[in-house]
1. Tell me, yes or no, whether the range 22-42 has at least one residue that is closer than 22 Å to residue 190 by Cα, in a loop (DSSP other than H, G, I, E, B) and either in the same structural domain as residue 109 (by TED's automatic domain parsing) or free of Cβ contacts under 8 Å to residues at least 12 places away in the same chain (or both).
2. Checking residue 385 against (1) in contact (Cβ under 8 Å) with a residue 40 or more places away in the chain; (2) within 27 Å of residue 190 (Cα to Cα); (3) not in a loop (DSSP other than H, G, I, E, B), which test does it fail?
3. Considering every residue within the range 43-53, establish whether at least one is surrounded by 15 or more Cβ atoms within 10 Å (Cβ to Cβ), over 23 Å from residue 17 (Cα atoms) and assigned by TED's automatic domain parsing to the domain that holds residue 310.
4. Could you give every pair whose Cβ atoms fall below 7 Å, whose first residue belongs to the range 68-84 and is closer than 21 Å to residue 201 by Cα and outside the structural domain of residue 392 (by TED's automatic domain parsing), and whose second residue is surrounded by fewer than 10 Cβ atoms within 10 Å (Cβ to Cβ) and at pLDDT 90 or above, counting only separations of at least 6 or pairs across chains?
5. Is it true that residue 131 is surrounded by 13 or more Cβ atoms within 10 Å (Cβ to Cβ), over 22 Å from residue 312 (Cα atoms) and in the same structural domain as residue 29 (by TED's automatic domain parsing)?
6. Somewhere in the range 363-374, is a residue at pLDDT 95 or above, in the same structural domain as residue 406 (by TED's automatic domain parsing), assigned to a strand (DSSP E or B) and at negative phi?
7. Output the strands (runs of 3 or more DSSP E) that fall wholly within the range 207-286 and possess 3 or more residues being closer than 17 Å to residue 188 by Cβ, or say none.
8. With (1) touching a helix residue (DSSP H, G or I) at 6+ places or on another chain (Cβ under 6 Å); (2) more than 19 Å from residue 151 (Cα to Cα); (3) buried (at least 18 other Cβ atoms within 10 Å of the Cβ) as the list, and residue 251 as the residue in question, which single condition is left unmet?
């Protein structure tokens, strides 16, 4: 093969791209990474991390409003939304700087610019990098596309950064709106609803499907819906956004529910209806790279039909999660390095988390999905009201639900809502990876008093052995 500049060039420095670059360097490859905006990608700079900083602030506000339960009296609470968002941006900046340090430590050359594929006659992969100063070209044996995705708009309404917000605007409001409509009740929509409601904003959720958090188990969605409504959040399911009219300082939205049209007035509106993969201007049209429903098609090891070109993260098929992107980055780099006995990603073993209040976490099939496959099931449920640690914390609303294959004992799915379940879900992730059956889980000793005991009780309940329920 003709001499090349690098063994691998990664286009995109998000949680898929920078992890792939670091792993490649660990395996002895010469690596370059191209990023045109910010290291860490959307996740670190405008998604996963800063939103959790915002949610922590709103949780503190909620706790301060309820400290009398714990024997405290607090008065004169003041809130500054600018300081809340300032801390969120500081957290993101700190971690972005950390990524820069890690790349430097691993001797990865970082190019600040927009990278695209250039067609050449040989097997060499050429990348054109458009920087602020000029265009440069570099060659590599392999290329990983990790350019991520952006917010989706509707044909008749787009984010304008003033009255119609996307996630970026919603994370840095100049002031709190008095009222807010959120279109979409996936993880992003529900987290913003929880955040703004806890800070006192009149919040309405509009969801086209019959239930909020439509990808979650029905039992979990119902609990969150009841909790949100109890908090004063208005929820409209099976409802579609028909039109939006913006005024100087307000929004008027027409909502269709069961063929009935309703007009809702609000100060601001957030679009949280999904993502669009960033596939434009990458030069893909000159290569044997297929796109299906807006996302790049790959094989089980993330290689496109163009040999030596891989794609990972949100630019590929879902679920669109940072931890999936990181795992894909490692997998395809190890494939490039010639590692044997690699296993493709099992998407039923990818946990999903929503950090609203109450938190939601899940892995594997829902009960509806499992029953659609005509499986013989054993299902266990354990409410947090029966957990001593949850009661002591003053946060006992929620449920842990486990689904097993009765014939084999396989853990098919686990679904949780309640305190810190986004931390507890990893127990089920490990269990699925180790192909654990109910027997191992039932005979595992869980520490007391902990929230994790709910995992044990839920499994026991599936086999009619629950002690505290």
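1. no
2. Of everything listed in (1) in contact (Cβ under 8 Å) with a residue 40 or more places away in the chain; (2) within 27 Å of residue 190 (Cα to Cα); (3) not in a loop (DSSP other than H, G, I, E, B), residue 385 misses just condition (1).
3. Yes, because at least one residue in the range 43-53 is surrounded by 15 or more Cβ atoms within 10 Å (Cβ to Cβ), over 23 Å from residue 17 (Cα atoms) and assigned by TED's automatic domain parsing to the domain that holds residue 310.
4. As it stands, the answer is 81/175, since those pairs meet every condition given.
5. Yes: the conditions hold for residue 131.
6. Yes, some residue in the range 363-374 is at pLDDT 95 or above, in the same structural domain as residue 406 (by TED's automatic domain parsing), assigned to a strand (DSSP E or B) and at negative phi.
7. Per the criteria, 268-271, 275-277.
8. (1)
The values are calculated or read from the model by the stated rules, or taken from the named source; none is laboratory data. All values reported here derive from a predicted model rather than from experimental measurement. So basically every Cβ, Gly included, is an ideal-geometry build from the backbone, and we count neighbours across all protein chains shown.
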